[in-house]
Structure formats: structure tokens, C-alpha cells
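S.K.: Here it is, the structure in full.
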2 protein chains.
Amino acid sequence: MTGIETTIDRLAALFGERVSRSQDVRRSHGDDLSYLPAMLPDAVFFARSTEDVARALAICNDDGVPVVPFGVGTSIEGQIHAPRGGVSIDLSGLDAVLAVHAEDFDAVVQPGVTREKLNAHLRDTGLTFPVDPGADASIGGMASTRASGTNAVRYGTMRENVLALEVVLPDGEVIRTGTRARKSSTGYDLTRVFVGAEGTLGIITEVTVRLHPIPAAISSAVCTFPTLAAAVDTVIATMQSAIPVARIEFLDEVAIEAANNYSHLALEVAPTLFLEFHGTPAGVAEQAAQVEEIAAEFGGRHFRFATDPEERNRLWRARYDSNPATRALRPGSATFATDACVPISRLTENILAARADADASFLRAKINGHVGDGNFHVSYLVMPGAADEIREAERLAARVVERALASGGTASGEHGVGLGKLRFLEAEHGPALGLMRSLKAAFDPRGIMNPGKLGSHPT
Amino acid sequence: MTGIETTIDRLAALFGERVSRSQDVRRSHGDDLSYLPAMLPDAVFFARSTEDVARALAICNDDGVPVVPFGVGTSIEGQIHAPRGGVSIDLSGLDAVLAVHAEDFDAVVQPGVTREKLNAHLRDTGLTFPVDPGADASIGGMASTRASGTNAVRYGTMRENVLALEVVLPDGEVIRTGTRARKSSTGYDLTRVFVGAEGTLGIITEVTVRLHPIPAAISSAVCTFPTLAAAVDTVIATMQSAIPVARIEFLDEVAIEAANNYSHLALEVAPTLFLEFHGTPAGVAEQAAQVEEIAAEFGGRHFRFATDPEERNRLWRARYDSNPATRALRPGSATFATDACVPISRLTENILAARADADASFLRAKINGHVGDGNFHVSYLVMPGAADEIREAERLAARVVERALASGGTASGEHGVGLGKLRFLEAEHGPALGLMRSLKAAFDPRGIMNPGKLGSHPT
């Protein structure tokens, strides 16, 4: 019996059938939405409480056994893969909304609550949790990967929307970071240390998130541009005009063409912005009119605007269906998704270079972006298991990252590091990477938390 | 010759007259705007570059000599006091605005640049750096204390407005944290670790801050309420209505009475809100009208509204002059200032209890607050050097903090820990304080950075 088997036996003795060695269960916990091959844990433990997590961590820490926290498995850079085996701790059973404080604009949730579940729970409060990475991710996972999404330009990312945490440290100690006060200046910002740590420092067992009022009115707009530069310049001018746009999404020509085919639309195949405005009825109309005027200065055309929900959905249809529409360009294909984030003044050149690279490759790709943040995504269409295609996508994606870093940007705006972007950490952070490793060693001295990823020494 | 003298000689050999042992210089660097008695460093080094800071830190680290970073000395909890002596490193000479990227809404500054200097520099860009703690603090100091102020409810605190840092670690190594990209998910958020660390982990030598567009229109309003609860309920309802108020300041009856006397006003002596709206001309008028309606529901009266700058200044006069006006209630007195921050639903009870405590005391006090954040300030009027009065203020301030903590809040919303609030860290953070000490030990193994404060073990 190996060391790990002893540990699993100790866990099974405590938790019974909630500890699984089944191949199916292990497989579903060693694979996410990324292109990476599955890497299975040796066992999966389905936790139901903070106390469960604390007891399991104390055992694994004693035995020096790797622990991989698992939410609902929607990460896309291998954050929940288990390259060194060990125990996956499934937190989806910690799924209670513990409190909603409507007057204080916050909610306290367990980490397995998904964002859609939280928003369903908030239905009658007039409040919403706006961070939206696309997938119905768990709030704990979103905190751990510092997730964001389409409306981060207005409402911020998980960095801004997590107020407080309960965390189990690797040795099983339970701590609380932050409070429900909206700001504080009393000590190191441990909350922000765990947000984005990708489960390498401890396990989040409770999250206090900020809520936002649902605006009285929402309007949507779509506008087509002669060039990408014109679209980006429109966004910059819009933000310089202090127009508080809630979403500004970009789709490139490939994405528009795919949407026309998939959703039976007749959009002009050109760089296109999808906008959303939040405010009062008069306010959203005024914002849209201002943006229409700015867009016209940069050659924008076919500006369409809607406030009726059904009409708004129609306007944004191409954006909503963009992922399946793109995959439909190549039946049977999967998406190799990468993202990067740059200062917005460098966005045009970065996207154009990514486009040129893709056009020169045998792989098709579409580009979209949360353009108000300078965050863009390149999705390469690869056949599952086609090693040469994945290699080519990796080559192209690496060039996306290298250019972003050379532009003063970051290797990922919202997908995170996982296993997929580990190799870029040195180039992005330089000597600060040493300090990250010191931090990791201080928080997780035995190195059991999600090893082989963020904070680990290269092997 | 003691150890510290040897270190100062080493520094003087390198930096000549920029190392001072003068009593006057030491005194001006061992005292801030707090009630605390001065605690002098043994010497002051006037740095002019990152390289200066790195060389000085390497020497002090070698010798195990305490280092206290100093900006412009406007802190109010003893952050720049030198309880263990050592070398104060004055960063006011690092005062260059290194770059303004108007399209990217950011600026790169040295830490000694003050916020007013930065805003003067930005004059022709249409952009502003909005974080405003009152004093003309240095940007480095503001980052280090996680400063905020009146418009944090709209624009955030230094936590949200620092994008990237250059930091010299205790051993002299220079690192960069973050990038100019507006968001990132690639690694531990070291930027947020140094923001609010109060110079206990390293010295910030460069700060990249977010800028915001100056709104097309600004309007101001003032409204009087029958009770504090009515004022706070108006704020909650305003925020629930998604009205993006830029500032919501509260003054209590004592503050209003003081303002009437000092500024020759005739305001009704009652809880009063001072509001500011940013947006388009139509937008700010609409926001004000909405708030007027909400305020009326809660018994608000004397609602006045202005867009003309001179008229706006007149409306806000009582708020602007509040600190000198309050001191004028007791000629010769100084302000013993404390702050706390609570979930807004608990604000009324906390302020009323602080008021009752003050009314039962022999000290006068006024209360004001950045009420949208749940952050409030109590200013006790004490005679400089009157030990019994300072003891009484400390007793009252401790009760403010204890109630805030019992309400799920924090011991300070924006003043920070310094020496004044060290004793509350255990009560606020519990076991997380141990993790903060581990973090401190990992970043500053020899314990030279601002010792005796945040992150130190109790002595």
C-alpha cells in the first residue's frame, strides 16, 4: 500500500462513501473545459461543510498528500487538473446561500453556490451579482480564479466584488479575512491574496460578495465599424466621455460570419461592437445617443438601439451564440481558448497581429473581446485529440501572450494560470515571481495545495 | 559607537548630506497628524531614486536596522513614527510624474508625488485621480495606507485605483507587481498585498494609478433630516435605486452648529447630508431629483441643489470647513480623530452610540461620515498635551471600534493601523492575524520594515 492509499483510507474511515476512488468520478474531477488532457486525482472527497474540509486538509497535510480544490469544473486552463495525483476536494455540496443583506448590498454564500443559483435566489431583492464569466461557475471557483466577464468594465471583477472570505489553511486551521464593511485599512489584504490564488494557498469555504442594484432600465446597441481601430477608438472616446457603459463587447469578422450562418442573421461582416447601458430610462437613451454620435465620428454604421428585452436579445444574438456559432464553422471541432489583456491603446495592434497569425495558419480562429478592459479572447478551432492542431494552437496562443507582455499587458485577463499559462509567469512577473514563491511557502509550507501550479517551484 | 551609528555612517559615506542626524529633521519625521507623541528615528535619509532606496535598504537589512518609510507625514495613526528608532527614508524627493497614458486612463508616478500635484499635472487631459483623503498626501503614502475619502463610494479606494507598483524589498531587490492592464488573473495579487501594508513589507518606489474622466457636469445638493436614521435610510434607498452618487457626506448636529458659527451660515442644526452627482447635465439633474424624492419620503427638508461651481461651493461650505470649524468650538484644541467602517445597515446605531458616549463625556466631539461606504469619523476636541483628555478620547475611540467590530465592521475604514489601532487587530482578525505575521516574516525575514507595527509579533 502506497502513502496516498493510506491517506485515502484515513479519509474513507472518516467520511465513508463520500470518498470515491471510482474511475468515472476521478475522471470527471481531473478534467475541465480546457484543451489539456485529463490528469486524475487518486480520489475525490465530496465535502459538505467547513469542518469536513478542515479535517480532510489536516489529514492530507499530515501525510504530505496533494489536494486539488474542485468547484464545478468550468475552468479553462487546467486549474483543477491533478498533475501530481492526490485528493480532489469537491465543494459543490457546500451550496447554501447563507445570508443576503439587501440593505448592505452583500450576500454570504458557500463556495459551491453557482452564480446563476445566487442570482435566482436574489430574484425578489432588486439586487444582482453581476460578475459573469459565461459558464455557470461556482462562486468559490470564480473567487479562486479572479473571474470577470462581460460587465467587468462597469462592475469590476472578483477582485472588486469579494468582500470577505472564510478559508481553511492547509493545516486545517479556519480563518476569516475581511469583513462586511465595504472598505478597510486594517492589515494585509488577505482577501485579495486568496482571490486569484487558484486553490494553491488554502480552500475557500465561504465567500461574501458585493451585490449591485438592478438598473431601472437597460438598453442595448450594436454598431459596425470599417476597421478594428475605429471600433477601439470609439470605445476609448466613449470612456473618456465618462459614459458609464455596462458592457462593450467586440466580435471580429470571423465571429460575425459564424453568427450569420448559425443564427440566420444578415449582419455586415465587419468589426462589430455590442454595447449595453444601465441606468434610468432617460439615462440609457442619452448614453446610447452619445455613443452613436461618437461612433459616427469613427465611421460606425448600422447603429441599432433597443430597450425592449426581446429586441435587445435579438440585437445581441450574435454575441450570445458566438461560441457554438464559431464551433459550427468546423463541425466536430472544439475550442482552444486563450485570453490576454493589454492597455487599451495597444489593443488594436494586438488583435490585428493575432488575426494575421491565425490567417497565416491552417487553423481557423475567431477573436472577441471585453474591449473596455483591453481583454481579448482568441478561440482556435481544433479537432479533439489532434496533436498537431493543439501544438499549432499552443504556438499561436503563445504569440498572443508574448505580444501582450511586450505591450505592458498580462498573460491572462480572466482565464487564469492553471497549467496552461505557468510557463509565462517568469516573463510576466520577473523577480516578483520569487516573492510569490515565498508567499506560497509561508502559507503552504508542505506544498500540498494544488501542487505543480501557481507558487510552486519549477520542476 | 553603537550598531545604529555604524549604519548611519555607512549611509552617510554613500549619500553625504542627504543623511541627516539633525534633531529638527528627525522630529519632523517622527511625528504625523495624530495625537501620538513623536517617536524619532535616529537619522533621516532623503532618497531621490529607486536605486537610492535599494542601496539604503540593503545596508539597513545587513545591519538589522529599522527602516521607516516617509512620504509627506500626513498619516494620522502614527504610521511614520519610529518606536524602535532606525532610519526614516524620506521619499518626497521621488516626485516625478513619469507618464500619463490618457487613452489607457492611467498614470505612472513616483511615490512622493502628492495627489494635488498629480491632478495639477493632469489639468489638460480631461482626466482626474479621484482618491481624496483630505490632506494633500503623497501617492505612495496613500497606497501604503489604502487611503480613500469622500468619493470612494463612486470611484473606489486605493485598493481599486492602484494598477501596478515598483517595490524595493527589504534586502534591496527591486520588483514590479501588476501591469498597466486593467485586470489580470495571473498570480498572487502582490499589488494588493503592498497596498495597505503601511511600509512593513517593502518600500513603494513607483505607483501606476487609474485615472477617471472628469464628468461633463457636477451638481451638489444638501438636505436636512429629522433623524440620523432618516438620513441613512435615504442613502440606502438611493443606492438601491442604482443612483450612482459620487459623494454622500454626513455631518451631525455638532458639526452643523460649528459650521454655522465658523462660516456664518444659518443651517438648521440637524443631521445633514451633502451629496454630489457626476454625469451629463441632464443626468445630474435627474439624479438630484430622484434623491430629493427619496429624501422627502424619509422626512428630508430644505433640499437645495446647484450646478454652478460657486453655488456648489456655497452649498458644501459647511462640509469643506468642518475640521477648522469644529476646532473653533474650543479655541486652542486639536482633533483626536478616529474612524471605523460598518455595514451600512448598522451605521445609525453605531453613530448614535458614539454620539451618546461623547455626550456623556467631558470631551466634545463631532461626527461625520462617508456614509455611502458605512465609514464614519469621530473627532474629539482635546487640548494638546492634556494627558487626561487624550486618555478619555482613547477610551471613547476604543468603544467606537469595539462596537464597529461587534457590528461586523472594521477598526478603520481609511485611517489605518499605525500604532494607534494595533491593539484591535487581534479582535478584528482573529486567527488570520497569525497568517499576516507569516506573510510579514516571509517578505521581511529580518523584521527591519517599520517594526513594531503591522505584522510584528506583539512585544
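S.K.: Looking at the structure I just gave you, is A:ALA318 touching a residue at least 60 places away in the same chain (Cβ under 8 Å) and within 14 Å of another protein chain (Cβ to nearest Cβ)?
M.R.: For A:ALA318, the condition - touching a residue at least 60 places away in the same chain (Cβ under 8 Å) and within 14 Å of another protein chain (Cβ to nearest Cβ) - is not met.
S.K.: On to the next question. For A:LEU425, are the conditions met, namely being free of Cβ contacts under 8 Å to residues at least 40 places away in the same chain and either assigned by TED's automatic domain parsing to the domain that holds A:PRO170 or not in a loop (DSSP other than H, G, I, E, B) (or both)?
M.R.: yes
S.K.: Can you pull out the residues in the stretch B:374-384 that are touching an Asp or Glu at 6+ places or on another chain (Cβ under 9 Å) and either free of Cβ contacts under 8 Å to residues at least 12 places away in the same chain or not hydroxyl-bearing (Ser, Thr, Tyr) (or both)?
M.R.: Passing the criteria: B:GLY374, B:ASN375, B:PHE376, B:HIS377, B:VAL378, B:LEU381, B:VAL382, B:MET383.
S.K.: Of all residues in the stretch B:298-354 being in the same structural domain as B:ILE256 (by TED's automatic domain parsing) and among the aromatic types (Phe, Trp, Tyr), which is nearest to B:ILE390 (Cα to Cα)?
M.R.: Restricting to residues being in the same structural domain as B:ILE256 (by TED's automatic domain parsing) and among the aromatic types (Phe, Trp, Tyr), the top hit is B:TYR320.
S.K.: Given B:VAL131, B:VAL100, B:VAL72, which one is outside any strand (DSSP E or B) and either assigned by TED's automatic domain parsing to the domain that holds B:GLU17 or farther than 22 Å from B:PHE194 by Cα (or both)? So that I can check it myself, show each step before the final result.
M.R.: Numbers: B:VAL131 fails: either assigned by TED's automatic domain parsing to the domain that holds B:GLU17 or farther than 22 Å from B:PHE194 by Cα (or both); B:VAL100 fails: outside any strand (DSSP E or B).
The match here is B:VAL72.
This table checks each residue for (1) in contact with a helix residue (DSSP H, G or I) (Cβ under 8 Å, 6 or more places away or on another chain); (2) closer than 28 Å to B:PHE277 by Cβ.
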position: A:ALA288; (1), (2): no, yes
position: A:ILE294; (1), (2): yes, yes
position: A:PHE298; (1), (2): yes, no
position: A:ALA306; (1), (2): yes, yes
position: A:ARG312; (1), (2): no, yes
position: A:ALA325; (1), (2): yes, no
position: A:ARG330; (1), (2): no, no
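S.K.: What's the total number of residues in the stretch A:13-22 that are part of a helix (DSSP H, G or I) and in contact (Cβ under 8 Å) with a residue 12 or more places away in the chain?
M.R.: Looking only at that region, the number is 3.
S.K.: Kindly indicate whether B:ALA406 is modelled with pLDDT of 95 or more, buried (at least 20 other Cβ atoms within 10 Å of the Cβ) and closer than 29 Å to A:GLU103 by Cα.
M.R.: It is false that B:ALA406 is modelled with pLDDT of 95 or more, buried (at least 20 other Cβ atoms within 10 Å of the Cβ) and closer than 29 Å to A:GLU103 by Cα.
S.K.: So, in the stretch A:40-50, exactly how many residues are in a loop (DSSP other than H, G, I, E, B), surrounded by fewer than 24 Cβ atoms within 10 Å (Cβ to Cβ) and not acidic (Asp, Glu)?
M.R.: 3
S.K.: Going by what's in this entry, would A:ILE218 be described as touching a Ser or Thr at 6+ places or on another chain (Cβ under 6 Å) and either under 30 Å from A:ASP171 (Cα atoms) or among the hydrophobic types (A, V, I, L, M, F, W, C) (or both)?
M.R.: no
S.K.: Looking only at residues that are within 12 Å of chain B (Cβ to nearest Cβ) and under 11 Å from the mean Cα position of the chain (by Cα) in the stretch A:100-140, which one is farthest from A:ALA217 (Cα to Cα)?
M.R.: Checking each candidate, the answer is A:PRO133.
S.K.: Does B:LEU33 meet the test of being touching a residue at least 12 places away in the same chain (Cβ under 8 Å), out of contact with any helix residue (DSSP H, G or I) (no Cβ under 9 Å at 6 or more places or on another chain) and within 20 Å of B:SER75 (Cβ to Cβ)?
M.R.: Working: touching a residue at least 12 places away in the same chain (Cβ under 8 Å): yes; out of contact with any helix residue (DSSP H, G or I) (no Cβ under 9 Å at 6 or more places or on another chain): yes; within 20 Å of B:SER75 (Cβ to Cβ): yes.
So B:LEU33 passes the test.
A quick yes/no check of all residues on (1) touching a residue at least 60 places away in the same chain (Cβ under 8 Å); (2) within 14 Å of chain A (Cβ to nearest Cβ); (3) among the basic types (Lys, Arg):
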| position | (1), (2), (3) |
| --- | --- |
| B:SER241 | no, yes, no |
| B:ARG247 | yes, no, yes |
| B:ASP252 | yes, no, no |
| B:HIS264 | no, no, no |
| B:ALA270 | no, no, no |
| B:PRO281 | yes, yes, no |
| B:VAL291 | yes, yes, no |
| B:ASP308 | no, no, no |
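S.K.: Would you please name the residue that is nearest to the other protein chains (Cβ to nearest Cβ), looking only at residues in the stretch A:149-172 that are in a loop (DSSP other than H, G, I, E, B) and among the small types (Gly, Ala, Ser)?
M.R.: Of the stretch A:149-172, the ones in a loop (DSSP other than H, G, I, E, B) are A:149-151, A:156-157, A:169-172.
Now drop any that are not among the small types (Gly, Ala, Ser), which leaves A:149, A:156, A:172.
Details: A:GLY149: 10, A:GLY156: 7, A:GLY172: 11 Å.
Going through the qualifying residues, I end up with A:GLY156.
S.K.: Scan the stretch A:335-363 residue by residue and report those that are touching a helix residue (DSSP H, G or I) at 6+ places or on another chain (Cβ under 8 Å) and assigned to a loop (DSSP other than H, G, I, E, B).
M.R.: Passing the criteria: A:VAL342, A:SER361, A:PHE362, A:LEU363.
S.K.: May I ask you to list the residues in the stretch B:373-399 that are under 18 Å from the mean Cα position of the chain (by Cα) and assigned to a helix (DSSP H, G or I)?
M.R.: Within the stretch B:373-399, B:ASP373, B:ALA397 qualify.
S.K.: To continue, here is another question. Sort out which residues of the stretch A:92-149 are buried (at least 23 other Cβ atoms within 10 Å of the Cβ) and among the β-branched types (Val, Ile, Thr), and write them in order of number.
M.R.: A:VAL109, A:VAL113, A:VAL131, A:ILE139, A:THR145, listed by residue number.
S.K.: Restricted to the stretch A:330-361, and to residues that are among the charged types (D, E, K, R) and touching a residue at least 40 places away in the same chain (Cβ under 8 Å), which residue is farthest from B:ALA181 (Cα to Cα)?
M.R.: A:ARG330
S.K.: Given the residues A:ARG346, A:ARG327, which is the only one that is farther than 30 Å from A:ALA237 by Cα and surrounded by 17 or more Cβ atoms within 10 Å (Cβ to Cβ)?
M.R.: A:ARG327
S.K.: Do any strands (runs of 3 or more DSSP E) lying entirely in the stretch B:173-226 carry at least 2 residues that are crowded, with 24+ Cβ neighbours inside 10 Å and more than 7 Å from chain A (Cβ to nearest Cβ), and which ones are they? Give the derivation first.
M.R.: Numbers: elements: B:174-177, B:203-210, B:217-224.
It comes to B:203-210, B:217-224.
S.K.: I'd like to verify a number: residues in the stretch B:67-85 that are surrounded by 24 or more Cβ atoms within 10 Å (Cβ to Cβ) and either over 14 Å from B:ILE4 (Cβ atoms) or not hydrophobic (A, V, I, L, M, F, W, C) (or both), how many? If you could, list the steps in order and put the result at the bottom.
M.R.: Here is the first cut: in the stretch B:67-85, the ones surrounded by 24 or more Cβ atoms within 10 Å (Cβ to Cβ) are B:67-71, B:75-82.
Next, from what is left, pick out any that are either over 14 Å from B:ILE4 (Cβ atoms) or not hydrophobic (A, V, I, L, M, F, W, C) (or both): B:69-71, B:75-81.
Qualifying residue count, the stretch B:67-85: 10.
S.K.: Could I ask something else about it? Checking the conditions here, which among A:VAL25, A:VAL53 is surrounded by 15 or more Cβ atoms within 10 Å (Cβ to Cβ) and without any contact (Cβ under 8 Å) to a residue 24 or more places away in the chain? Show your work before the answer.
M.R.: Values: A:VAL53 fails: without any contact (Cβ under 8 Å) to a residue 24 or more places away in the chain.
Of the residues listed, the single one that is surrounded by 15 or more Cβ atoms within 10 Å (Cβ to Cβ) and without any contact (Cβ under 8 Å) to a residue 24 or more places away in the chain is A:VAL25.
S.K.: Still on this model: What are the residues in the stretch B:404-459 that are under 24 Å from B:LEU347 (Cβ atoms) and of a type in the set (Val, Ile, Thr), if any?
M.R.: B:THR410, B:VAL417 - these are the residues of the stretch B:404-459 that are under 24 Å from B:LEU347 (Cβ atoms) and of a type in the set (Val, Ile, Thr).
S.K.: In the set B:MET436, B:MET449, which member is touching a helix residue (DSSP H, G or I) at 6+ places or on another chain (Cβ under 9 Å), without any contact (Cβ under 8 Å) to a residue 40 or more places away in the chain and not assigned by TED's automatic domain parsing to the domain that holds B:GLY141?
M.R.: After ruling out the rest, the residue left standing is B:MET436.
S.K.: Looking only at residues in the stretch B:402-459 that are over 23 Å from B:ASP171 (Cβ atoms) and of a type in the set (Asp, Glu), which one is farthest from the other protein chains (Cβ to nearest Cβ)?
M.R.: B:GLU402
S.K.: Can you tell me which of B:ARG301, B:ARG312 is crowded, with 17+ Cβ neighbours inside 10 Å and away from chain A (no Cβ under 14 Å)?
M.R.: B:ARG312
The values are calculated or read from the model by the stated rules, or taken from the named source; none is laboratory data. All values derive from a computational prediction rather than experimental measurement. For neighbour counting, all protein chains shown are included, and Cβ atoms are generated from backbone atoms with ideal geometry for every residue, glycine included.
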